[in-house]
Amino acid sequence: MFASFKSIGAYVPKEKLTNFDLEKMVDTTDEWIKKRTGIENRYIAKEEVTSDLALKASEIAIKRSGLAKDDIDAIICATISPDYLCMPSTACVIADKLGIKNRPAFDISAACTGFIYLVTIAKSFIESNLYKNILIVGAEKLSSIVDWSDRNTCVLFGDGAGAAVISATEDKNEAIIDTHISSDGEYQDFLITPGSGSKNPCSQKVIDENMAFMKMKGNETFKVAVKTLTKDVKDILKKNKISANEVDLFIPHQANYRIIKAVGDSLKFDKDKIVITVHKYGNTSSASIPMAINDMYESGRLKKGDLMLLDAFGGGLTWGSALVKFNGEEIK
Ligand code: UT7
């Protein structure tokens, strides 16, 4: 049995936050943000929580898969901004909102690499004949864990969700070709929310020192990201004897257009094969890749049978890449 990428869906909250809005909040400029990151806008969820964003993306993905909700065998969510810190998992809340009962539902924690981890887990479950149809969701309300007084981070992130259905197939031509995931905890402090976990439980100190919000060593992270991802994408292509020319779309995690460009250029991709959406949405962590896939699908650039190269890098540190044939039906 093989696993195929059957459908995609995404949801972005309504409220737009521009670089000019941020100029009024912290000591920054539109010019700095655009030049260093490529970001122009991001969207912020107000009343909606992570599972609401996930629900909307999931409903679209399930509808496009042609399956009924009842056909979904498992729900897995990647998020660093769950509805609740410890329990219940956001996946359980999503399942409830979808009206799906008596199915396994759980969250994974792999930060911005979450979607590549999800594809890997879903592929393994299907190839081991455990399940036939798995809903995977990357969903983030990062605005809830951003320190809005820290210009080093608050200009970078946005909210959103992306979902996909991964289904069993007997046709090898439809299969997800390969994935690779990895990590190195030595760099755990590069991207960290130090407070409210077991190390620094919720306390007045955690609140006073903004410890429940994201902290990032941006420049250090940038350097490791470029080096690691450049090697990772080359390795997965080489291992599978696939040339960069055979890839239809390179769809990386959207943290910074300079990282995307450096990795894309190392593979000598034509500019039109490199997918960039960071200017529209900012960094939406685990949601960024499925949101970008959805943009390509809805604009008609991603067609059934196209080969996508995905890559991501994030807190942990974690990273990964995937060679995925898109097996969704043409958009109507
Ligand atoms: O998604 C998970 C993985 N995350 C990433 O991969 C993110 C990787 N890192 C990055 O994308 C970049 O490192 C940043 C966009 C975060 C920062 O860009 P940079 O070119 O590495 O800048 P920097 O951190 O070296 O800072 C350069 C200067 C500093 O000022 P001084 O010390 O040179 O005077 C910062 O204080 O820019 C300053 N700065 C800002 N200035 C205006 C930092 N943030 C801002 C800001 N507006 N928002």
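The values are calculated or read from the model by the stated rules, or taken from the named source; none is laboratory data. Not measured: the values here are computed from a predicted model. Counting neighbours? That spans all protein chains shown, and the Cβs are built from the backbone with ideal geometry, glycine included. When the accessible area is computed, the model is the full protein with side chains, heavy atoms only, and any ligands, DNA or RNA have been set aside. Shrake-Rupley method; radii C 1.70, N 1.55, O 1.52, S 1.80 Å.
I want to confirm something. Restricting to segment 303-332 and keeping residues that are of a type in the set (V, I, T) and assigned to a strand (DSSP E or B), which single residue is farthest from the chain's Cα centre (by Cα)?
Across segment 303-332, the extreme among qualifying residues is V324.
Taking the stated definitions as given, is K56 surrounded by fewer than 23 Cβ atoms within 10 Å (Cβ to Cβ), touching an Asp or Glu at 6+ places or on another chain (Cβ under 8 Å) and either assigned to a helix (DSSP H, G or I) or among the charged types (D, E, K, R) (or both)?
Taking the combined requirement at face value, the residue does not satisfy it.
In segment 14-44, what residues are over 25 Å from the mean Cα position of the chain (by Cα) and away from the ligand (no atom under 14 Å from the Cβ)?
none
Mind checking whether some residue in segment 122-144 is within 16 Å of the ligand (Cβ to nearest atom), in a helix (DSSP H, G or I) and either open to solvent by 40 Å² or more (accessible area, probe 1.4 Å) or at pLDDT 95 or above (or both)?
Taking every residue of segment 122-144 in turn, at least one turns out to be within 16 Å of the ligand (Cβ to nearest atom), in a helix (DSSP H, G or I) and either open to solvent by 40 Å² or more (accessible area, probe 1.4 Å) or at pLDDT 95 or above (or both).
Quick one: would you say S81 is assigned to a helix (DSSP H, G or I) and either in contact with a helix residue (DSSP H, G or I) (Cβ under 8 Å, 6 or more places away or on another chain) or open to solvent by less than 40 Å² (accessible area, probe 1.4 Å) (or both)?
Spelling it out, it is not the case that S81 is assigned to a helix (DSSP H, G or I) and either in contact with a helix residue (DSSP H, G or I) (Cβ under 8 Å, 6 or more places away or on another chain) or open to solvent by less than 40 Å² (accessible area, probe 1.4 Å) (or both).
Taking E47 as the residue in question, decide whether it is away from the ligand (no atom under 16 Å from the Cβ), open to solvent by 40 Å² or more (accessible area, probe 1.4 Å) and either in a strand (DSSP E or B) or within 26 Å of L307 (Cα to Cα) (or both).
Taking the combined requirement at face value, the residue does not satisfy it.
Among the listed residues T120, T113, which satisfies the condition of being polar (S, T, N, Q) and touching a Phe, Trp or Tyr at 6+ places or on another chain (Cβ under 6 Å)?
Of T120, T113, the one residue that is polar (S, T, N, Q) and touching a Phe, Trp or Tyr at 6+ places or on another chain (Cβ under 6 Å) is T113.
Residues F2, F20: which one is surrounded by fewer than 22 Cβ atoms within 10 Å (Cβ to Cβ), within 17 Å of G328 (Cβ to Cβ) and aromatic (F, W, Y)?
Only one candidate qualifies: F2.
Identify all residues within segment 279-315 that are of a type in the set (D, E) and away from the ligand (no atom under 16 Å from the Cβ); write none if there are none.
D295, E298, D306, listed by residue number.
For segment 169-182, enumerate the residues that are crowded, with 19+ Cβ neighbours inside 10 Å and among the small types (G, A, S).
A175
Kindly list, by first and then second residue, each pair from a residue in segment 219-234 that is farther than 17 Å from Q188 by Cβ to a residue that is in a helix (DSSP H, G or I) and near the ligand (Cβ under 9 Å from one of its atoms), limited to pairs with Cβ atoms under 6 Å and residues at least 6 apart or on different chains.
That search, which allows pairs on different chains as well, returns V226/I259.
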